[in-house]
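Shown next, in structure tokens, is the structure this report addresses.
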Amino acid sequence: MGRGQLILIEGLDRSGKSTQSSILLNKLPDGKLIKFPDRSTKVGSIINEYLTNSDLKLSDQTAHLLFSANRWELADSIINDLNNGHFIVMDRYIYSGIAYSLAKLSISNDSGPEMASIDWLYSPDKGLPKPDLTIFLTLSLEELSNRKGWGEERYEKENFQKAVKNCFLKVLNADDDDSVQIIDVNNLNIEQVTAKIWEAIEQRNFNKQTENSIQTFA
Ligand code: ADP
Ligand code: TMP
Ligand code: MG
């Protein structure tokens, strides 16, 4: 018997990830949505406090490891769901983890050498289930800044987002990893973005059960 597939939507804040994830969920058979950070778990509640309360001080290394721990909290259930035939749509994952942490270098230089090391940032996520397909939504910072919904959370600042964008492009490794696809959504409305995402999915049968084994980040 085959298994369901894991499809990840990544991108900057307000790039349309949550909008597209919920649309995609209804187009896939037996779909389940997973959003990282998952703020409903024990670790997730600390992350939520960190993101929403600027008085909460954590070292950058601590915050980084909490985001990874939050993914490990769900790893077994993700694998079980896939093996039970569910398709999983994921809204953010390890690429956000590395890109946002790496971008902190651009706003502070007192974090320690770990935060500058992609190897160090990547290592706690090694072993997590790897998405069958990762889609990164990219658009200009100018178009992003016109979108409503800019919140008050820790990372929702214009200059930081610019650094995050550069860091994403560094860590996605789209040229060498054919599970990663970058989709340019500049000047596209919601329906047009959905159509592009769906084309990428259908082209390689990511909407069909597969016999391939679940890969892990190595
Ligand atoms: P994210 O989850 O990436 O932060 P959202 O899906 O919450 O982004 O979208 C952020 C805002 O941008 C919402 O107000 C949403 O309605 C709007 N939006 C999403 N996609 C588009 C699009 N293609 N064109 C214009 N506005 C969009
Ligand atoms: P959200 O706005 O999608 O809920 O994400 C919350 C913030 O957390 C967003 O600014 C990105 C950031 N983030 C990290 O810094 N590391 C991570 O591992 C993840 C998943 C998100
Ligand atoms: Mg969102």
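The values are calculated or read from the model by the stated rules, or taken from the named source; none is laboratory data. None of these values were measured; they are calculated from a predicted model. Because the Cβ atoms are built from the backbone with ideal geometry, glycine has one as well, and the counts that use them run over all protein chains shown. Just so you know, the surface numbers come from the protein's heavy atoms only, side chains and all, with ligands and any DNA or RNA stripped out. Shrake-Rupley method; radii C 1.70, N 1.55, O 1.52, S 1.80 Å.
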Inset, instruction - Using a/c under 1.5 as the rounded threshold, could you call segment 161-208 rounded, prolate or oblate? The axes a ≥ b ≥ c are square roots of the C-alpha gyration tensor eigenvalues, and prolate needs a/b larger than b/c, oblate otherwise. - result: oblate
Legend entry - For the chain, with +1 on Lys and Arg beta carbons and -1 on Asp and Glu, the positive-most of N109, N166, N53 along the dipole: N53
Inset, instruction - Just grab the label-to-label distance for W198 and T19, each label 7 Å out from Cα along the Cβ direction, in nm (one decimal). - result: 1.6 nm
Inset, instruction - Could you list which residues have their amide H under 5 Å from that of V180, counting only those 5 or more apart in sequence or on another chain, with H placed in the peptide plane? - result: T134
Inset, instruction - Could you tell me whether segment 1-142 comes out rounded, prolate or oblate from its Cα gyration tensor? Rule is a ≥ b ≥ c as square roots of the eigenvalues, rounded for a/c under 1.5, then prolate if a/b exceeds b/c, otherwise oblate. - result: prolate
Inset, instruction - Measure nothing fancy, just the Cα-based angle from helix 42-52's long axis to the longest principal axis of the chain, in degrees from 0 to 90, nearest 10. - result: 60 degrees
Legend entry - Mean ellipticity per residue at 222 nm, deg cm²/dmol - from DSSP H runs of n ≥ 4 across the chain, formula -39500 (n - 2.57): -13500 deg cm²/dmol
Inset, instruction - Quick one: of K17/K162; K32/K208; K162/K196; K27/K208; K17/K42; K165/K208, which pairs are farther than 20 Å apart, Cα to Cα? - result: K162/K196; K17/K42; K165/K208
Legend entry - Reachable aspartates and glutamates, given that their alpha-carbon falls under 18 Å from the alpha-carbon of K170 and they are not under 8 places away in the same chain: E10, D13, E114, D119, D125, D178, D184
Legend entry - Accessible area per residue in Å² at 1.4 Å probe, computed on the chain: 49 Å²
Inset, instruction - Order the following by accessible area, largest value first: K130, K157. Probe radius 1.4 Å; ligands, DNA and RNA are ignored. - result: K157, K130
Inset, instruction - On a 0 to 90° scale, report how tilted helix 94-103 is relative to the longest principal axis of the chain, with both axes built from alpha carbons and the result rounded to the nearest 10. - result: 20 degrees
Inset, instruction - Scan around K157 for amide H atoms under 5 Å from its own, H built in the peptide plane at 1.01 Å from N, and keep only partners 5 or more places away or cross-chain. - result: none
Legend entry - Placed amide H near K35: partners under 5 Å, 5+ positions off or other chain: D91
Inset, instruction - Using only Cα atoms, tell me the angle between helix 60-83 and the longest principal axis of the chain; keep it within 0 to 90° and round to the nearest 10. - result: 10 degrees
